[in-house]
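Just passing along the structure, written as structure tokens.
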Amino acid sequence: MFADYTMAELTSIFAMQGFAGLILFSVFVLMALGLAIIFGQMGVINMAHGEFMILGAYVTYLTSNVFSSYLPESLYGSYFFIAMILAFFVTGALGALVEWSVIRHLYKRPLDTLLATWGLSLIMQQLYRSIFGAREVGVTLPDWLMGSYAITDLIEVPINGIFVMILTIIITVAVALMMQKSRLGKQTRAVVQNRPMAAAVGINTEKVDRLTFALGCGIAGIAGSAFTMVGSTGPTAGQLYIVDTFLVVVFGGASSLIGTVASAFTISQAQSTMEFFLSGSMAKVLTLLTVVIILMLRPEGLFSLKMRR
Amino acid sequence: MFELSDYGVAYGQSDVIRDLNLSVGKNEIVAILGRNGMGKTTLMKSLIGMIPSKAGTVTLNGKDLSDLKSHERVSAGVGFVPQGRMIFSTMTVSENIETGLTSTGEKKIPTDLYSLFPVLDEMKHRRGGNLSGGQQQQLAIARALASNPSVLLLDEPTEGIQPSIIKEMARTLKQIRTQRNVTIIVSEQVLSFALDMADRILVIEKGKIVLDVPVEEADQQTITKYLSV
């Protein structure tokens, strides 16, 4: 399959597909971060995570509309930052509400949370369809995010892609620091390890649960913001990503942040490179097969801590 | 100061603790002895709120704790060192102690905690899971003390710990009592440890207190009879 291309063409194909993979990687990482935090913290598999991401995308879309119709054009360039912050807080608030009204009654019943969040995802999809219509919507990128940066004659990288990646790095580092250093992070890790014991040393586990769930959803909202730059937003767009994101979380080892990043990288790169040469579904089959085989050899995922229990 | 009245705990229909009445004074060290399955751990877990109580009340300095959740009990002044230590094994020693600071709102670990357990200061940055059993026990005690409790509950602290360290632990617990004015309630199976550290010995059998004597009057043989299988 490589025979039809010259060496120079192959290099640039790999470079550009690799870069496209990096954008996919960014969305995966942001989605998986939230999912892994929620799953690791309370064992809840949030099937509605993709819809939380799309909520962030719609918030971004609305913000961009408000900016273009009510505010002077000179401000349009900065809409994305406002949208991101709004997306974080709106999805986070919805997450807290969902945790308070539904999830907290279903702890210790993993199957029921699975069903409840899946139902929630259907409700949210229908809401999007009723409010925003079934058509996909897109945002107009501000000028400074348009265009691409030519590295060589054949290799060009889009500026919005670079931006999304930098954003992902900043958020990942911030989340990592928060989990390692902040008080909430330490409390979260204590609750993850041993919930009744964490309560018995004075941690309000219910509050920690609510905050973590909100944080996980909030990060999904930011993922949604980033998503508007690389794809168009529709009611069911979130579903396309949720399976891959689960794959990333399980493959990386649910308790490890580095694992999540590494597995997101592997999976997104493998997919995007193979997609160019094979068909999209064939690429997916190969990725899934590889992941299944690796998980059979290392059931706890790529990265896990070894110590006395 | 710490009182149980008509206290009862049950798993479903089966009563484990029934009509327990106990009053522990300030700065007192009480050892609760009993064979396996007599309800010691159940009593301890229910006192910290991990298991709900069925009947009666628990009060600390006149405050009723019966309806409080675990973390509220900790804020009210109860510290808990569970059986099997249950430290957070993937977190470092200092992070483990910091989790205990949650209810006090402090940020820094008080230095006198480390002076009680110098080993922990040396191993601050190690993961809790990589400590030896005795060190983990010290860590669990330090974590409980970080919340500044007025009553400290220890559930079988000598389990799986070598004899020389058990002696040292008795000394440390007495030191904690005098330094920090803490009431200590410890459940035990090792009689020598209990006689070594406690002011008062209780024997619990089938969820009831069958013996309650000051340590000076405790007769080894009678108690051994209760403890032997």
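Would you list the helices (runs of 4 or more DSSP H) that sit entirely within the range A:129-213 and hold 1 or more residues that are within 14 Å of chain B (Cβ to nearest Cβ) and under 25 Å from the mean Cα position of the chain (by Cα)?
A:159-181, A:183-193
Every residue in the range A:163-181 that is more than 19 Å from A:I85 (Cβ to Cβ) and either surrounded by 20 or more Cβ atoms within 10 Å (Cβ to Cβ) or in contact with a helix residue (DSSP H, G or I) (Cβ under 9 Å, 6 or more places away or on another chain) (or both), please.
A:M165, A:A176, A:M179, A:Q180
State yes or no: is B:I141 among the β-branched types (V, I, T), crowded, with 18+ Cβ neighbours inside 10 Å, without any contact (Cβ under 8 Å) to a residue 40 or more places away in the chain and within 14 Å of chain A (Cβ to nearest Cβ)?
In short, no.
Of all residues in the range B:67-83, which are small (G, A, S) and either more than 9 Å from chain A (Cβ to nearest Cβ) or more than 21 Å from B:K54 (Cα to Cα) (or both)?
Within the range B:67-83, B:S75, B:A76, B:G77, B:G79 meet the criteria.
Might you let me know whether the range A:214-225 holds any residue that is within 14 Å of chain B (Cβ to nearest Cβ) and either closer than 27 Å to B:T92 by Cβ or among the small types (G, A, S) (or both)?
No.
May I ask you to list the residues in the range A:182-198 that are of a type in the set (D, E, K, R) and surrounded by fewer than 17 Cβ atoms within 10 Å (Cβ to Cβ)?
The one that is of a type in the set (D, E, K, R) and surrounded by fewer than 17 Cβ atoms within 10 Å (Cβ to Cβ): A:R183.
Among the residues of the range B:22-33 satisfying the criterion of being part of a strand (DSSP E or B) and touching a residue at least 60 places away in the same chain (Cβ under 8 Å), which is farthest from B:V215 (Cα to Cα)?
Once the filter is applied, the top-ranked residue is B:L22.
Kindly state which helices (runs of 4 or more DSSP H) lie completely within the range B:48-160 and contain at least 1 residues that are aromatic (F, W, Y) and either more than 19 Å from the chain's Cα centre (by Cα) or closer than 20 Å to B:S5 by Cα (or both).
The qualifying helices (runs of 4 or more DSSP H) are B:111-116.
Give all pairs with beta carbons closer than 8 Å in which a residue from the range A:112-133 that is without any contact (Cβ under 8 Å) to a residue 60 or more places away in the chain meets a residue that is assigned to a helix (DSSP H, G or I) and not acidic (D, E); count only pairs at least 6 apart in sequence or on separate chains.
Cβ pairs passing all conditions: A:A116/A:I103.
Next question. Name the residue, out of A:Y149, A:Y107, A:Y128, that is within 18 Å of A:A220 (Cβ to Cβ) and hydroxyl-bearing (S, T, Y).
A:Y128
Ok, one more. Being at pLDDT below 90 and either within 30 Å of A:Y76 (Cβ to Cβ) or of a type outside the set (A, V, I, L, M, F, W, C) (or both) is the filter here; which residues of the range A:88-111 pass it?
Selection gives A:R104, A:H105, A:Y107, A:K108, A:R109, A:P110.
Quick one: B:A144 ticks every box in (1) within 30 Å of B:K208 (Cβ to Cβ); (2) at pLDDT below 90 except a single one, so which number is it?
Result: B:A144 fails condition (2) only.
Here is a further query. Restricting to the range B:172-191, name every residue that is in a helix (DSSP H, G or I), more than 14 Å from the chain's Cα centre (by Cα) and under 23 Å from B:F2 (Cα atoms).
Hits for the range B:172-191 are B:Q175, B:T178, B:Q179, B:R180.
The values are calculated or read from the model by the stated rules, or taken from the named source; none is laboratory data. Model, not experiment: these values are computed from the prediction. Neighbour counts are summed over all protein chains in view; Cβ atoms, including those assigned to glycine, are modelled from backbone coordinates with ideal geometry.
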